[in-house]
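Have a look at the structure below, then the notes.
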Amino acid sequence: MKISKFKIILIVVVVIQLIMAFQGFDVCDDGFVLTFYQQIFSNPESVEYNFLYWFSGFVGGLWYQLFEEGGILWFRILAIIVNTSSFLLTYKLLKNHINKDFLLFSLVMVLFVNDYGYLTFYHNQLTALLTVVIIYILNKAIIKNSIYQFILAGFILSFTVLSRVPNAVLYILILAIPFAYYLKKQPIVKAIKPVGFFLIGSVLGYLTIYVILLSLGQVEIMKNALLTIVDLGNTEGSSHNFIDIFRAPVYNYISIFIAFLKLILISLVIVLIQYIPVSKKNKLIITMFIASILFFVWFDTGNIYPVYSLCLFGSIFLIIKKRVSFEVKVISFMSFLTLITISLGSAGGINNSGFMAIWVGLPLFFYLINQKLILTKKAENLNTSAYLWCIIISFLALKAYNIPQQTYFDLGSRLDKKFAIKSDKAKGIYTTEKRAKIINELLVNLEKYVEPNDYLMAYDKIPMVHFLTETKPYMYNPWVWIYDYNSFEKKLNKAENEINEMPIVVQQKFETIYKFSEPIDDYMSTKKENSDFHSNERNALMNGFLERNNYEVVWSNDYFNIYASKK
């Protein structure tokens, strides 16, 4: 029995993701989301801040109810399901328009765009999938003028917004409806009716979400979470300050423009090679060899900007070119709207979360080049497919080298990640000897002071401790470093007033973001220069909390202190 190329590639990418699932132990982002899934139904008030990502928490919480014993590993399996679903749905959306080989390999590129592979299931992955679902359904609604599908697209968008509140910018996709009427040279006023149905679907979505929140007793928690955005956005120096959030895209697009200029230079080199006086066959070999090296170097930046430039270039050109079908233009327009909006609201912008937007955009670039839609008549004899293969081979070769060298926030070769974390919640997860030793020593001693469902205060970049110990975050957020000093003070005072018991406190004495540093003697200093990692004001508030509540160190090593209150 002959197995299709599609099935072979699908099996290969799933197996690769499964192999990667066993390695890497991040105590920051993974701990932040996993604690949310663990507590969303049992102790939702303890993860109030996480409600800004409510629907991802709802999905993760249901998965945790089903596979509680699976721990971290099973949430990575959920990530594989979500990522592969995005792969499949994008393939279904574009398979009638794009060469199957280029479509499949461009989707493989999207799947492995990050050098660390992929994260445990979290809101950005779900956002990417739901965005592809909306584009797929909205495209069908426009083609068939289907009232039901316009309503369904709006309904799903509501849940997308509640997966990550900044996703509200995706309401811009509604512009695809009047754009379609413009392309058909029909009065744009006719778009009012389908737009209305889209908005009705969205209202129905929010009503459904409200009923779910009401039935779970979580409406007030959601209100409090939304109010936190205002605090973070107005505090100078916060990573979520409104000014900084809008400053990030400026830097992002400058970087994308620079990446695109480099692409133009590579293209010029390829054109110049055509003037070398050798046989056509040798010329192709020389061109592909040099192009592959240049593309390899071009992609090797440690960021997403080169890939993003391809997506924007493809989407924009397909919108404005005449020799493009109506459906491809509509899809390209929705891809463009997604590319320019979806990362808004993220502190790092496109570099941190741009991968959510590229599922449709990258295949469109391959379609544009393969169809020779940007070439002049004199250049139409160029073998563009050969150059596209150079892009694919260079990219995949780079990832084949980079991905084995690291996992998310757990740097170092995957060959060195063969040491286990001694926790039922981390079964099957392996990391470096140093990292495993540091965490295991903490867990062995912490279990003497806390039990599941106890309150714990983990300061300040170690949210995974909550998940591994099944403890409730004291300050309504497992990752308190996210709070600026203003929000930190408000949430700390609120906890002291509302929660009768004093929590055990775990305080780290080293950095855990990106990598585990060596111990830092003045980690809790209030006189160092402020940075993204250090806040004198927040440390002062924490030190004040420990002092006024008579906390003392009950266990300590070079990396952690465990405090208990005498009250």
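The values are calculated or read from the model by the stated rules, or taken from the named source; none is laboratory data. Just so it is clear, the structure is predicted and the values come from calculations on it, not from any experiment. Cβ placement follows ideal geometry from the backbone for every residue including glycine, while neighbour counts extend to all protein chains displayed. Note: accessible area is taken over every heavy atom of the protein model, side chains too, but ligands, DNA and RNA are not part of it. Shrake-Rupley method; radii C 1.70, N 1.55, O 1.52, S 1.80 Å.
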Practice item. Calculate the all-directions average of the projected area of the stretch 15-58's alpha-carbon convex hull, and give it in nm². Key: 3.9 nm²
Practice item. Rounding to the nearest 20 debye, state how big the charge dipole of the stretch 499-559 is about its Cα centre with +1 on each Lys and Arg Cβ and -1 on each Asp and Glu Cβ. Key: 100 debye
Study note, to complete from the structure: Burial-style ranking of 138-148, 73-83, average other-beta-carbon count within 10 Å with highest first, yields 73-83, 138-148
**Study point:** Measure of compaction for the stretch 496-567 (Cα Rg per 2.2 N^0.38 Å)
**Key:** 1.18
Review point. To the nearest 10 degrees, how steeply does helix 242-273 sit against the main Cα axis of the chain, on a 0 to 90 scale?
Key: 40 degrees
Practice item. Quickly rank 56-62, 318-324 as a protection proxy: mean count of other C-beta atoms within 10 Å, highest first. Key: 56-62, 318-324
Point to revise | Mean-position separation - Cα centroids, the stretch 40-96 and the stretch 172-210, in angstrom | key: 28 Å
Review point. Computed on alpha carbon atoms, what radius of gyration and Dmax characterise the chain, expressed in Å?
Key: 25.3, 87
Point to revise | Listed peptides 107-119, 12-24, 516-528 by packing density, highest first (mean Cβ within 10 Å) | key: 107-119, 12-24, 516-528
**Study point:** Cβ charges +1 (Lys, Arg) and -1 (Asp, Glu), total dipole of the stretch 68-199, debye
**Key:** 800 debye
Study note, to complete from the structure: One finds the C-alpha centres of the stretch 532-567 and the stretch 479-526 to be spaced, in Å, by 8 Å
Point to revise | Using alpha carbons only: equivalent-ellipsoid semi-axes of the stretch 45-144, gyration tensor based, whole Å | key: 28, 18, 11
Exercise for review: Quick one: pull the percent of accessible area on the chain belonging to carbon and sulfur, 1.4 Å probe, ligands and nucleic acids left out.
Suggested key: 62 percent
Check your understanding: Under the definition of Cα pairs under 8 Å and six or more residues apart, what whole-number percent is the relative contact order of the chain?
Key -> 20 percent
Review point. Classify the stretch 155-220: rounded, prolate or oblate, from the alpha-carbon gyration tensor (a ≥ b ≥ c, eigenvalue square roots; a/c under 1.5 rounded; otherwise prolate if a/b is larger than b/c)?
Key: prolate
Check your understanding: Which of the listed residues, Leu468, Phe560, Phe58, is farthest toward the dipole's positive end in the chain, when Lys, Arg count +1 and Asp, Glu count -1 at the beta-carbon?
Key -> Phe58
Point to revise | Compactness of the stretch 67-202 as Cα Rg over 2.2 N^0.38 Å, two decimals | key: 1.19
Check your understanding: Distance from the Cα centre of the stretch 261-281 to that of the stretch 116-148, in angstrom?
Key -> 38 Å
Study note, to complete from the structure: To the nearest 20 debye, the stretch 456-567 has a Cα-centred charge dipole, built from +1 on Lys and Arg Cβ and -1 on Asp and Glu Cβ, of 260 debye
Practice item. Would you list, by chain and number, the lysines whose Cα falls below 21 Å from the Cα of Lys7, excluding same-chain residues fewer than 8 positions away? Key: Lys92, Lys95, Lys100
Check your understanding: Which value, in Å³ per residue, describes the convex hull spanned by the Cα atoms of the stretch 1-104?
Key -> 140 Å³
Check your understanding: Measuring with a 1.4 Å probe in the full set of protein chains, what accessible area per residue, in whole Å², belongs to the chain?
Key -> 43 Å²
**Study point:** Tyr136 accessible area, assembled protein chains, probe 1.4 Å, Å²
**Key:** 30 Å²
